[in-house]
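The values are calculated or read from the model by the stated rules, or taken from the named source; none is laboratory data. These numbers were taken from a predicted model, which means no experiment stands behind them. As a convention, Cβ positions derive from the backbone with ideal geometry for all residues, glycine included, and neighbour counts pool all protein chains shown. Ligands, DNA and RNA are stripped out before the accessible areas are found, and what is left, the full protein with its side chains, is counted by its heavy atoms. Shrake-Rupley method; radii C 1.70, N 1.55, O 1.52, S 1.80 Å.
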Amino acid sequence: MLVIPCPHCGPRGEIEFSYGGQAHIARPKDPEKVSDAEWADYVFLRDNTKGVFLERWCHVHGCRRWFNVARNTVTYEILAAYDAGAKPPKLDYETQV
Amino acid sequence: MIESYLRQSPLAHLALAAHGPGSGKPAGVHMAERPFPGLVNLRGPGDNANFHGAFKAAAGYDLPVEAGATAGSANTTALWLGPGEWLILDARGGPKSGPRIAESLRAALAGISAAVTDISESRACIRISGAKARAVLQKGCPLDFHPRHFAQGQCAQSVLARAAILLHMTPDETAADGPAFDVYVARSFAEYTWRWLEDAAREFGVARGER
């Protein structure tokens, strides 16, 4: 089980959380003007990162808040947890996408 | 014929051997239902001094702002649930305490952007206490129960055997008796949670009722 550091509650077991996929996906500002391919990219396509991945988690059985986590998908090491809406912290890593 | 290790007597699920005369064990755990606690969910702007001031004027104490902290008076206790979310409770309040707390908070917070919701009927409250209470909860809950991390007067939301719970380590028992926890669980999970706890506590001996 991962121990995930909730920014509000502190370190808790993974069983208390639910996963929300890749973080920092911006909705196109003018959805009517983007092409179908660009819209499909926004809705469906996500990175499949080997290395440090920025992802969303929700502490559903705790404070029920969404937040972001930087996790290494190879080692499962969690490098940072930060509020939803905040910019990711500067991390020293190499990532293959 | 069924394998002997799979055989169960018809009433095995009630864990009757765990308690009552004849169990041959001193009770390591006491379990009781606390009926009709008054529970009011309060949401509001946690960074607004007017909101905190209005609450303090009504309740007589400050809302806790640290994770897992509680605060209270003789009448009510406030449990921190998240940023900008609290549970105001009166565990021994009786059926009318929920509406009473909600009404007084609504009056106090009039004009402030806050939500006051009486959720008394939605939860069951199971009091589990005794020297082995921690050991029982640890079997199904991923929280760190070491006294350094989870002390008297603290609360936490988590899961117990996959049921969502709110744990409150009540401050009204002395350390010599062992810790006492109030487990708040959704009403529809109450029987499941009670039976799960009773089964988990079987090895320590269970006494029904509060000490």
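When B:SER158, B:SER188, B:SER113, B:SER104 are checked against the criterion of being touching a residue at least 24 places away in the same chain (Cβ under 8 Å) and either under 14 Å from the mean Cα position of the chain (by Cα) or in a helix (DSSP H, G or I) (or both), a single residue qualifies: B:SER104. If the condition is being closer than 22 Å to B:SER158 by Cα and hydroxyl-bearing (Ser, Thr, Tyr), then the stretch A:30-86 contributes only A:TYR82. Return the residue satisfying two criteria in turn: it lies in the stretch B:33-65 and is modelled with pLDDT under 95 and within 14 Å of chain A (Cβ to nearest Cβ), and of such residues it is surrounded by the fewest Cβ atoms within 10 Å (Cβ to Cβ). Across the stretch B:33-65, the extreme among qualifying residues is B:ASP47. Would you please name the residue that is nearest to the chain's Cα centre (by Cα), looking only at residues in the stretch A:34-64 that are within 14 Å of another protein chain (Cβ to nearest Cβ) and open to solvent by less than 40 Å² (accessible area, probe 1.4 Å)? Of everything passing the filter in the stretch A:34-64, A:CYS58 is nearest to the chain's Cα centre (by Cα). Taken over the stretch B:163-174, the criterion of being in contact (Cβ under 8 Å) with a residue 12 or more places away in the chain and either in a loop (DSSP other than H, G, I, E, B) or more than 14 Å from chain A (Cβ to nearest Cβ) (or both) is satisfied by B:HIS168, B:MET169, B:THR170, B:PRO171, B:GLU173.
Listed here are the residues, each with its yes/no results for (1) within 22 Å of B:GLY44 (Cβ to Cβ); (2) surrounded by fewer than 20 Cβ atoms within 10 Å (Cβ to Cβ).
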residue: B:LEU105; (1), (2): yes, no
residue: B:ILE112; (1), (2): yes, yes
residue: B:ALA115; (1), (2): yes, yes
residue: B:SER120; (1), (2): yes, no
residue: B:SER129; (1), (2): no, no
residue: B:ALA133; (1), (2): no, no
residue: B:ARG148; (1), (2): no, yes
residue: B:ALA156; (1), (2): yes, no
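Here B:SER188 fits the description: more than 15 Å from B:MET31 (Cβ to Cβ) and surrounded by fewer than 17 Cβ atoms within 10 Å (Cβ to Cβ). Would you tally the residues in the stretch A:8-22 being open to solvent by 80 Å² or more (accessible area, probe 1.4 Å) and more than 12 Å from every other protein chain (Cβ to nearest Cβ)? Qualifying residue count, the stretch A:8-22: 1. Determine, yes or no, whether A:VAL74 is open to solvent by 20 Å² or more (accessible area, probe 1.4 Å), more than 14 Å from chain B (Cβ to nearest Cβ) and in contact with a Gly (Cβ under 9 Å, 6 or more places away or on another chain). Judged against the criteria, A:VAL74 is a match. Out of A:ILE25, A:ILE4, one residue alone is of a type in the set (A, V, I, L, M) and away from chain B (no Cβ under 14 Å). It is A:ILE25. Evaluating B:GLY205 against the criteria (1) away from chain A (no Cβ under 14 Å); (2) within 15 Å of B:ALA135 (Cα to Cα); (3) under 16 Å from the mean Cα position of the chain (by Cα) leaves one unmet condition, (3).
Apart from one condition, A:TYR19 fits all of (1) assigned to a loop (DSSP other than H, G, I, E, B); (2) modelled with pLDDT of 95 or more; the exception is (1).
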